[in-house]
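Reviewing the structure listed below.
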Amino acid sequence: MIEPKILKGFRDSLPSQEMPRQNLISQIQEVFRSFGFVPIDTPALEYTEVLLGKGGGETDKQMFRFNDNGGRDVAMRFDLTVPLARFVAANADSLSFPFKRYHIAKVWRGEKPQKGRYREFLQCDFDIIGADNAQSDFEILLLIDTCLRTIGVPSFRIRVSHRGLTSSYLSSLSDNVDADQILRTIDKLPKIGEEKVRELLAESGLTADVVDKVISYISLPSDSFNSTLEKLVSMFGSENEHIRRLTEIRDMAKGCGVLHDFVIDTSITRGLDYYTGIVWETFLTDLPSIGSVCSGGRYNNLTGLYSSKKLPGVGSAIGLDRLIAALEELNSPIVNSNRTSDVMVIADQDPVWAEKTAMNLRKIGLKAECYLGNKAKGAQFAFAQSNGIPYVVCSEDNGVYVVRDLETREMITMTAQELAEKIR
């Protein structure tokens with residue numbers, strides 16, 4: 001016998017886990033479509049040279065990479081953004097720009113597993129390709145805000161920064177600054193703490209004075225979007241192009257009534273080198289320890305790796321597994337329901353009647369299933385209860401059903417429409 005084991009960092013998903021996940025995905029997809037975003041798909045396996053293009057830093061080391069049976073150097077996708085760039089370059093003549101897409105699929109990273117983080121996980125990306133302006137940046141941010149509100153996240157903050165602004169500041173400190181390396185180091189701040197970041201900055205060749213200035217910059221208070229923006233304006237001036245971008249985003253967030261969900265956090269840099277403009281991470285106010293549940297930013301140079309046609313982009317990724325783990329810990333209703341159907345039709349020795357009844361209930365919009373088998377009614381009621389089904393149809397007399405309410409244990413008579421209204 002082969003032991004039914006799975007690899008570390010991978011997992012099975014039971015119905016009680018997968019159903020809330022699919023419910024969550026369904027609600028998020030509806031939000032995407034309401035903004036005019038369309039779905040795409042790409043292969044799980046790509047040529048390694050495509051994925052190595054510009055992931056940068058730790059990501060390259062975390063890639064699942066191997067030679068296939070044909071001797072080709074291939075790798076599993078580590079995110080959905082780099083494959084998007086390859087996809088756009090390959091299919092540019094078939095797309096209309098600005099191109100707004102979403103993609104929900106699995107990705108693989110060979111990093112150390114921890115709570116809410118696995119080596120195989122589901123990622124949910126949404127991007128706008130072909131537009132470089134504050135409005136496209138803000139629409140992605142508003143989409144994050146709308147998704148989290150739609151699924152009932154009680155309180156969150158989207159922490160926004162600008163890599164271009166941070167790079168400008170770093171370049172002003174010294175002529176010998178490797179901005180990309182410093183940005184990757186700063187990105188490790190939540191994991192390793194300020195002291196370790198100081199050590200790494202010093203090891204990169206920065207003087208103690210420059211290190212202090214870097215730490216001072218990434219430690220600017222982030223009490224509100226407006227207050228931090230005012231500090232940055234005083235440092236860079238209102239005519240700075242990056243400041244103008246943040247100001248326009250602020251104005252749109254204020255106009256849409258969501259500014260209170262956003263703050264500027266200068267310590268946010270994102271670890272991937274392809275980001276060139278605004279970047280962000282999203283934290284749940286009631287569970288900050290789970291880490292960012294939605295991150296992203298602007299990447300104006302990414303598609304240039306695969307095509308001479310330069311197409312700017314901005315996008316984000318929701319870490320669905322991490323978000324679900326957080327919602328479970330917060331006891332959110334959206335992930336605590338194991339209901340498979342609205343109603344179950346009892347077998348009662350007549351499968352023809354049962355299947356016909358279930359079909360008629362589905363026609364009026366209910367999720368209805370039949371019990372498959374001839375067990376006693378008590379066992380069938382127990383099956384329905386274990387699957388979160390609230391009502392069981394036991395019999396019918398000329399269009400009037402006898403229904404068991406499994407919460408109150410009462411037997412009720414009602415029509416199909418009355419049952420539907422009760423469930424809704």
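Below are the figures for this structure:
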read-out: Counted residues, region 365-375 - those being within 18 Å of Ser341 (Cα to Cα) and surrounded by fewer than 16 Cβ atoms within 10 Å (Cβ to Cβ); value: 4
read-out: Tabulated pairs, region 206-219, first under 14 Å from Ile268 (Cβ atoms), second in a helix (DSSP H, G or I) and at pLDDT 85 or above, C-beta under 6 angstrom, 6+ apart or interchain; value: Tyr217/Tyr169; Ile218/Ile186
read-out: Number of positions in region 351-375 that are in a helix (DSSP H, G or I) and either in contact (Cβ under 8 Å) with a residue 12 or more places away in the chain or in contact with a His (Cβ under 9 Å, 6 or more places away or on another chain) (or both); value: 8
read-out: Members of region 415-424 that are free of Cβ contacts under 8 Å to residues at least 24 places away in the same chain and buried (at least 18 other Cβ atoms within 10 Å of the Cβ); value: none
read-out: Residue in region 101-111 that is farther than 18 Å from Ile40 by Cβ and not in a loop (DSSP other than H, G, I, E, B) present; value: yes
read-out: Residue check, Ala317 touching a strand residue (DSSP E or B) at 6+ places or on another chain (Cβ under 8 Å), of a type in the set (A, V, I, L, M) and within 30 Å of Leu148 (Cα to Cα); value: yes
read-out: Any hit, region 290-302, residues being aromatic (Phe, Trp, Tyr), touching a residue at least 12 places away in the same chain (Cβ under 8 Å) and touching a strand residue (DSSP E or B) at 6+ places or on another chain (Cβ under 6 Å); value: yes
read-out: Residue satisfying condition, being closer than 25 Å to Ile264 by Cβ, in contact (Cβ under 8 Å) with a residue 60 or more places away in the chain and either aliphatic (A, V, I, L, M) or touching a helix residue (DSSP H, G or I) at 6+ places or on another chain (Cβ under 6 Å) (or both), within set Ile104, Ile128; value: Ile128
read-out: Selection within region 335-350 - free of Cβ contacts under 8 Å to residues at least 60 places away in the same chain and buried (at least 20 other Cβ atoms within 10 Å of the Cβ); value: Ser341, Met344, Val345, Ile346
read-out: Subset of region 376-414 that is of a type in the set (A, V, I, L, M) and in a helix (DSSP H, G or I) - its residue that is surrounded by the fewest Cβ atoms within 10 Å (Cβ to Cβ); value: Ala379
read-out: Residues that are of a type outside the set (Ser, Thr, Tyr) and either surrounded by 19 or more Cβ atoms within 10 Å (Cβ to Cβ) or modelled with pLDDT of 95 or more (or both), drawn from region 152-163; value: Val153, Phe156, Arg157, Ile158, Arg159, Val160, His162, Arg163
read-out: The listed residue being free of Cβ contacts under 8 Å to residues at least 40 places away in the same chain and either of a type outside the set (Ser, Thr, Tyr) or touching a strand residue (DSSP E or B) at 6+ places or on another chain (Cβ under 8 Å) (or both), out of Leu201, Leu246, Leu232, Leu183; value: Leu201
read-out: Among the candidates Ala131, Ala85, Ala89, residue that is crowded, with 17+ Cβ neighbours inside 10 Å and assigned to a loop (DSSP other than H, G, I, E, B); value: Ala131
read-out: Glu328 being without any contact (Cβ under 8 Å) to a residue 24 or more places away in the chain, surrounded by fewer than 21 Cβ atoms within 10 Å (Cβ to Cβ) and touching a strand residue (DSSP E or B) at 6+ places or on another chain (Cβ under 8 Å); value: no
read-out: The one condition in (1) hydrophobic (A, V, I, L, M, F, W, C); (2) in contact with a strand residue (DSSP E or B) (Cβ under 8 Å, 6 or more places away or on another chain); (3) under 21 Å from Leu323 (Cα atoms); (4) surrounded by 16 or more Cβ atoms within 10 Å (Cβ to Cβ) that Leu24 fails to fulfil; value: (2)
read-out: Hits in region 306-324 (condition: closer than 17 Å to Tyr274 by Cα and either under 26 Å from the mean Cα position of the chain (by Cα) or touching a residue at least 24 places away in the same chain (Cβ under 8 Å) (or both)); value: Tyr306, Ser307, Lys309, Leu311, Pro312, Gly313, Val314, Gly315, Ser316, Ala317
read-out: Hits in region 183-216 (condition: in a helix (DSSP H, G or I) and more than 35 Å from the chain's Cα centre (by Cα)); value: Ala208, Asp209, Val210
read-out: Residue within region 158-174 that is more than 24 Å from Lys231 (Cβ to Cβ) and assigned to a loop (DSSP other than H, G, I, E, B) present; value: no
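Okay, residues lined up against (1) aliphatic (A, V, I, L, M); (2) within 22 Å of Met252 (Cβ to Cβ):
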site	(1), (2)
Ile158	yes, yes
Ser167	no, no
Ser174	no, no
Asp187	no, no
Glu194	no, no
Leu200	yes, no
Val211	yes, no
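The values are calculated or read from the model by the stated rules, or taken from the named source; none is laboratory data. Just so you know, these numbers come straight off a predicted model, no measurement behind them. Using ideal geometry, Cβ is built from the backbone for each residue, glycine included, and neighbour counts are taken over all protein chains shown.
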